[in-house]
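Chemist: Pasting a structure below so you can have a look.
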Amino acid sequence: MSKKKLGLNTICAHVGEIKDEQFKGAVSPIYLSSSYEFIDVDVKRYPRYFNTPNQEYLAKKIAALERKETAMIFGSGMAAISHMFLAFLKSGDHIVVQNTLYGGTSNFIREEFPKLKIEFTFTDGYSVADFKAAIQPNTKLIHIETPSNPLLTITDIKAIADLANEKAIVTSIDNTFASPINQNPADFGIDLIMHSATKYFGGHSDICAGAVAGSKEHMDRIWNVSKNLGGSLSDFTVWMLERSMKTMGLRVKKQTKNAGKIAKWLEKNKTIKKVNYPGLKSHPEHKLAKSQMHGYGAMLSFELANGIDSEKFQKALKLIKASMSLAGIESTVLSPAKTSHSLLSQEDRDKIGISDGLIRFSVGIESIKDLKEDIQQALNKQ
């Protein structure tokens with residue numbers, strides 16, 4: 001059966017599973033060996049080569065979800081994105097990077113690229129004109145993130161892909177916030193799609209992983225770099241990730257539904273100054289988001305009214321957890337200025353609009369009534 005004809009939840013549940021031919025078990029067996037036969041075999045398997053049985057088969061599931069030829073799994077989201085960058089950039093090359101994106105990515109570029117003499121330009125905004133203005137004769141890669149972390153800005157994926165295609169530039173996207181459940185950049189012409197698989201792929205706050213999907217030609221370039229850098233993932237964690245991804249469609253759709261309801265409720269709350277969520281009609285890029293997303297995602301951010309201390313508010317929450325990561329089935333909040341974007345200078349945070357009072361909200365699967373009551377009781381204490 002063609003993968004293109006399979007339903008989303010069928011892909012999540014079945015594509016990339018390993019058949020237990022010996023005992024007929026219902027789930028994929030775990031192959032924990034770090035050493036494999038090399039004589040008279042079709043594939044010489046080695047964990048650092050990203051081709052152990054569990055690694056190989058999970059990559060098929062990720063590729064199917066992102067509608068790409070193949071994929072690779074890494075030890076973290078930063079391992080995935082750094083390996084991807086290093087595969088397509090060398091000394092003297094230039095990359096155009098969206099200005100609103102994950103702080104760890106920005107920090108990696110600012111700290112490591114100068115050492116490698118790789119040039120970079122952060123766009124002034126996230127419109128096509130901003131990207132076009134930043135392109136230079138030696139630009140080899142354009143990297144975007146939409147929805148962005150943590151401001152939920154929306155970038156026109158097709159327009160960026162078309163711009164890059166005209167100039168023979170490779171494109172990449174961080175699709176973590178949307179997940180393949182809510183957005184498929186391959187449909188709009190993006191070359192490489194990366195994820196912090198720690199987030200919606202894992203979904204239970206107990207896995208650290210990363211992934212990149214693309215054409216075989218592009219992924220071969222990444223593999224040639226990655227086999228030397230050694231950022232592969234243990235097969236037990238790969239197995240856990242495959243297990244978690246079986247329910248990803250169900251989880252993310254529920255979380256997305258909850259986020260839409262919470263965003264509308266927060267927007268009406270007088271103690272909330274601003275809500276950033278692409279599903280709201282008040283969002284500047286709502287129509288664009290509607291045109292390129294299946295759902296608006298389970299992430300949002302908001303700013304409390306002047307005079308309300310964001311840290312005291314978060315401490316007052318009883319059900320929702322103040323926690324560093326995101327996308328688990330449980331709802332969590334954090335202050336980007338103190339966590340995901342803390343490595344940026346105050347000047348850089350101010351420039352892209354990340355205030356000290358901004359709160360990022362990862363919406364879980366809990367009852368909407370319970371989430372609203374928890375937020376309201378925390379606000380009442382301020």
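The values are calculated or read from the model by the stated rules, or taken from the named source; none is laboratory data. Just so we're clear, the structure is a prediction, and the values are computed from it rather than from any experiment. With ideal geometry, Cβ positions are generated from the backbone for all residues, glycine too; neighbour counts draw on all protein chains shown.
Chemist: Can you name the residue in segment 175-205 that is in a loop (DSSP other than H, G, I, E, B) and charged (D, E, K, R) and, of all such residues, is nearest to Met84 (Cα to Cα)?
Modeler: Restricting to residues being in a loop (DSSP other than H, G, I, E, B) and charged (D, E, K, R), the top hit is Asp191.
Chemist: Let me confirm something: among Ser2, Ser35, Ser76, which residue is modelled with pLDDT of 95 or more, among the hydroxyl-bearing types (Ser, Thr, Tyr) and over 23 Å from the mean Cα position of the chain (by Cα)?
Modeler: Exactly one of Ser2, Ser35, Ser76 is modelled with pLDDT of 95 or more, among the hydroxyl-bearing types (Ser, Thr, Tyr) and over 23 Å from the mean Cα position of the chain (by Cα), namely Ser35.
Chemist: Sort through Val170, Val128 and tell me the only one that's out of contact with any Cys (no Cβ under 8 Å at 6 or more places or on another chain), surrounded by fewer than 23 Cβ atoms within 10 Å (Cβ to Cβ), within 18 Å of Pro278 (Cβ to Cβ) and β-branched (Val, Ile, Thr).
Modeler: Only one candidate passes the filter, namely Val128.
Chemist: Still on this structure, I have one more. Take the conditions assigned to a loop (DSSP other than H, G, I, E, B), in the same structural domain as Leu65 (by TED's automatic domain parsing) and either touching an Asp or Glu at 6+ places or on another chain (Cβ under 9 Å) or without any contact (Cβ under 8 Å) to a residue 24 or more places away in the chain (or both) and apply them to Ser232. Does it pass? Full working, then the answer.
Modeler: Working: assigned to a loop (DSSP other than H, G, I, E, B): yes; in the same structural domain as Leu65 (by TED's automatic domain parsing): yes; either touching an Asp or Glu at 6+ places or on another chain (Cβ under 9 Å) or without any contact (Cβ under 8 Å) to a residue 24 or more places away in the chain (or both): no.
Answer is no for this residue.
Chemist: Looking only at segment 163-187, which residues are touching a residue at least 60 places away in the same chain (Cβ under 8 Å) and not aliphatic (A, V, I, L, M)?
Modeler: Ser172, Asp174, Asn175, Thr176, Phe177, Ser179, Pro180, Asn182, Gln183, Asn184, Pro185, Asp187, listed by residue number.
Chemist: Under 30 Å from Ile352 (Cα atoms), among the basic types (Lys, Arg), surrounded by fewer than 18 Cβ atoms within 10 Å (Cβ to Cβ) and over 22 Å from the mean Cα position of the chain (by Cα): does that describe Lys115?
Modeler: So Lys115 fits the description; yes.
Chemist: Filter segment 50-97 down to the residues that are of a type in the set (Lys, Arg) and more than 26 Å from Gly7 (Cβ to Cβ) and list them by number.
Modeler: Lys90
Chemist: Next question, about the same structure. Inspect segment 270-279 for any residue being surrounded by fewer than 19 Cβ atoms within 10 Å (Cβ to Cβ), farther than 15 Å from Asn182 by Cβ and touching an Asp or Glu at 6+ places or on another chain (Cβ under 6 Å) and give the result as yes or no.
Modeler: yes
Chemist: Say we look at segment 36-77 and pick out the residues that are polar (S, T, N, Q) and touching a Pro at 6+ places or on another chain (Cβ under 9 Å); which of these is farthest from Leu233 (Cα to Cα)?
Modeler: Asn54
Chemist: Follow-up. With the requirement that a residue be surrounded by 21 or more Cβ atoms within 10 Å (Cβ to Cβ), farther than 26 Å from Gln376 by Cβ and among the polar types (S, T, N, Q), what does segment 245-263 give you?
Modeler: None - no residue of segment 245-263 is surrounded by 21 or more Cβ atoms within 10 Å (Cβ to Cβ), farther than 26 Å from Gln376 by Cβ and among the polar types (S, T, N, Q), so the list stays empty.
Chemist: If you don't mind, there's one more thing I want to ask. Taking interchain pairs and intrachain pairs at least six residues apart, which have beta carbon atoms under 8 angstrom, with the first residue in segment 10-26 and closer than 21 Å to Glu69 by Cα and the second outside any helix (DSSP H, G or I) and basic (Lys, Arg)?
Modeler: Pairs found: Cys12/Lys246; Ala13/Lys246.
Chemist: Name the pairs whose Cβ atoms lie under 8 Å apart, with the first residue in segment 29-48 and in the same structural domain as Gly230 (by TED's automatic domain parsing), the second basic (Lys, Arg) and not in a loop (DSSP other than H, G, I, E, B), and 6 or more positions between them or separate chains?
Modeler: As it stands, the answer is Arg48/Lys227, since those pairs meet every condition given.
Chemist: If we keep just the residues of segment 323-360 that are β-branched (Val, Ile, Thr) and touching a helix residue (DSSP H, G or I) at 6+ places or on another chain (Cβ under 7 Å), which is modelled with the lowest pLDDT? Give the derivation first.
Modeler: At the first step, the residues of segment 323-360 found to be β-branched (Val, Ile, Thr) are 329, 332-333, 339, 352, 354, 359.
Next, only the ones that are touching a helix residue (DSSP H, G or I) at 6+ places or on another chain (Cβ under 7 Å) stay: 329, 333, 354, 359.
Details: Ile329: 98, Val333: 97, Ile354: 85, Ile359: 95.
Per the stated criteria, the residue is Ile354.
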